[in-house]
Amino acid sequence: MRRRSALSQERGLACGQEIFRKSEKIFMNLIEEHNKKYQFFADITGVAMKVYNKYRPGLLESAYEAAMKYLLELDGYKVGRQVDLPIFWEDVQLDQHYRMDLVVNDDIIVELKAIQFVSDEQRKQLKNYLNITHCPYGMLINFSPDRLYSEWYERYFDGKIERVKLF
């Protein structure tokens, strides 16, 4: 009787280990798919890091912006700089507009800062741009005196905006 019990336990353990291996593989595939979907965020942040390392802190936002546009275009991205964002009241265009720092491939808004710390005010600015344009992706990149900092966002069809992280 004990022999059967020990054998059953061994089979159960082996079965559990197999299920764990399959679950782990599925989980790793999901992580890989997630990271692949958002690879452009890492690529654009890599370009920002090149600019930061070359120019160091202390320049105006516009200098970082010009360099980012140039390098992103070298990498094959379509980049608009200081893109007008008109404001409407219902169907009437108002005598007011905003300018988005960079728009990459027509669907990624890149808002650049050169300040000490990013606050909710800057996050709200980017989120408003995402809501007004319905662009699916946004990035907030800060060329701060201490380090380069970036946040990544995705806007869903229902208007919900969530921060994105790679694993």
Determine whether the stretch 101-113 contains at least one residue that is in the same structural domain as Thr133 (by TED's automatic domain parsing) and touching a His at 6+ places or on another chain (Cβ under 9 Å). no
I'd like to know if the stretch 79-88 contains one or more residues that are outside any strand (DSSP E or B) and touching a helix residue (DSSP H, G or I) at 6+ places or on another chain (Cβ under 8 Å). no
How many residues does the stretch 47-78 hold that are assigned to a helix (DSSP H, G or I) and either touching a helix residue (DSSP H, G or I) at 6+ places or on another chain (Cβ under 8 Å) or not small (Gly, Ala, Ser) (or both)? 21
Note on the stretch 46-72: residues without any contact (Cβ under 8 Å) to a residue 12 or more places away in the chain and either within 18 Å of the chain's Cα centre (by Cα) or not assigned by TED's automatic domain parsing to the domain that holds Tyr149 (or both) are Gly46
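Conditions (1) β-branched (Val, Ile, Thr); (2) surrounded by 10 or more Cβ atoms within 10 Å (Cβ to Cβ); (3) in contact with a Phe, Trp or Tyr (Cβ under 9 Å, 6 or more places away or on another chain); (4) modelled with pLDDT of 95 or more, marked per residue:
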position	(1), (2), (3), (4)
Leu7	no, yes, no, no
Gly12	no, yes, no, no
Met28	no, yes, no, no
Lys37	no, yes, no, no
Tyr55	no, yes, yes, yes
Ala67	no, yes, yes, yes
Glu73	no, yes, no, yes
Tyr98	no, yes, yes, no
Looking only at the stretch 115-126, decide whether some residue is buried (at least 16 other Cβ atoms within 10 Å of the Cβ), without any contact (Cβ under 8 Å) to a residue 60 or more places away in the chain and closer than 26 Å to Gly76 by Cβ. yes
For Val104, state whether it is β-branched (Val, Ile, Thr), more than 18 Å from Tyr129 (Cα to Cα) and touching a residue at least 24 places away in the same chain (Cβ under 8 Å). no
Which numbered condition Lys124 misses (of (1) part of a strand (DSSP E or B); (2) under 13 Å from Met139 (Cα atoms)): (1)
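Quick check on this structure: which one of Leu140, Leu130 is part of a strand (DSSP E or B) and either touching a strand residue (DSSP E or B) at 6+ places or on another chain (Cβ under 9 Å) or under 25 Å from Lys50 (Cβ atoms) (or both)?
Leu140
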Report, by residue number, each residue of the stretch 75-95 that is among the polar types (S, T, N, Q) and exposed (fewer than 12 other Cβ atoms within 10 Å of the Cβ). Gln93
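The values are calculated or read from the model by the stated rules, or taken from the named source; none is laboratory data. Owing to the predicted nature of the structure, the values given are computational and were not obtained by experimental measurement. Don't worry about glycine lacking a Cβ; one is built from the backbone with ideal geometry, like all the others, and counts go over all protein chains shown.
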